[in-house]
Amino acid sequence: MQGVASASACTLHLGTPPAVRSKSNAPDRFSWNHSVPRIHLRRPPEPTLRRRRMNPPSAAAAGGGGSFPELASAADFAAVASAGCGRISVVGFGSLLSERSARSTFPELEGFRVAVLRGFRRVFAHSAPIFFERGIAIEATKEFSSLSVEPCEGELIIVTVFEIKEEAVPAFIERENEFRFLAVVPEGLDGVPCPNPAVVCARYSDEEYFQVRCKGSKEIYDQRYGRYNIDKIWRDDILPCRVYLRHCVLAAKNLGEPACSSFLDHTYLGDRRTTIREYLATTGAGIMEEDPPESLKSRYGG
């Protein structure tokens, strides 16, 4: 079965050495799990965002992203566009680790590649209405979380980066409206910073979402979330949507062993302690052997 083979190729087994933890419960220095011996990532000589010439985001784009500028409008996105070519770089960290998934969302994307993002961790703490829409949320067991990233000093994750046309930004903002958009500078696997800043969808807050994105309107909130009985978007007590998690693991595996180990050992449940490797070996055992519904096999096939 595909899931079994893929999990094995991704070194998903109980004998794996303990995963590196988030800064909250681990030493400050990041170190790769020793099952990934051949990659040596060089730290750039100075903080990457300060090296880039970019107009600052608007005053409205304040707080929440730590040292990473927040993009609050299409004008802020334009400030990080590649000079002369009208394209925005986007970071993929979950389903967008799959080029097929990325192209289903952004058919005209260019330059799909693997990269490194420092100072962030992946966390399953986002209630996703799309899973209810597609019939793959399990409300009884709280298995309806998708991924976001959040700033975390000392963490490092392998991601993908690609470019979209600037004209696609308004639709991108609307589709991902519950996230905080941050400007970051990923690196190549050799540690060299990418030539332009990229946009990553980070954790927002329920209060900001309701006041800013829903303009304080319960009617707008209900149209987007309330109709799925979601009264809180950002939660630490929910679990990954099973179909989605399997898809992300397979997508990471298809990018190679370093990306797969990064996903398994540097993606956390809402407790910020349990890694996905640990989860799949315990409570989440069996997820990798479950096929998606027939209608979603292409969408969630890795």
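Just so it is clear, none of the values below were taken in a lab; they were calculated from the coordinates. Note that the structure is a prediction, hence the values are computed from the model and not measured. Glycine gets a Cβ as well: all are built from the backbone with ideal geometry, and neighbour counts include every protein chain shown.
For region 123-244, go through all pairs of different Cα atoms, get the mean of 1/r, take its inverse, and jot down that Kirkwood value in Å.
Details: mean 1/r = 0.0625 Å⁻¹.
Value: 16.0 Å, from the Cα pair sum.
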> By the gyration tensor of its Cα atoms, with a ≥ b ≥ c the square roots of the eigenvalues, what is the shape of region 145-217: rounded for a/c under 1.5, prolate for a/b over b/c, or oblate?
Replying inline: oblate
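Send over the Kirkwood Rh of region 192-237, from the inverse of the averaged 1/r over different Cα pairs, rounded to one decimal Å.
Details: mean 1/r = 0.0797 Å⁻¹.
When all Cα pairs of region 192-237 are included, the Kirkwood radius is 12.5 Å.
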> Measuring from label point to label point, each 7 Å out along Cα→Cβ, what is the residue 291 to residue 113 span in nm?
Replying inline: 3.8 nm
> Using θ = phi - 60° and the Karplus curve 6.51 cos²θ - 1.76 cosθ + 1.60, what whole-Hz ³J(HN,Hα) does each residue of region 252-268 get, with Gly and Pro shown as x?
Replying inline: 5, 4, 5, 7, x, 4, x, 5, 5, 5, 4, 5, 5, 9, 10, 10, 10
> What's the Cα-based Rg to Rh of region 62-198, Rh via Kirkwood?
Replying inline: 0.96
> What translational diffusion coefficient, in µm²/s and rounded to a whole number, does the Stokes-Einstein relation yield for region 224-268 at 25 °C and a viscosity of 0.890 mPa s, taking the hydrodynamic radius as the Kirkwood radius over Cα pairs?
Replying inline: 198 µm²/s
> Where q = 0.10, 0.17, 0.19 Å⁻¹, what log10 of I(q)/I(0) comes from the Debye formula for region 195-302, counting one point per Cα?
Replying inline: -0.41, -1.02, -1.11
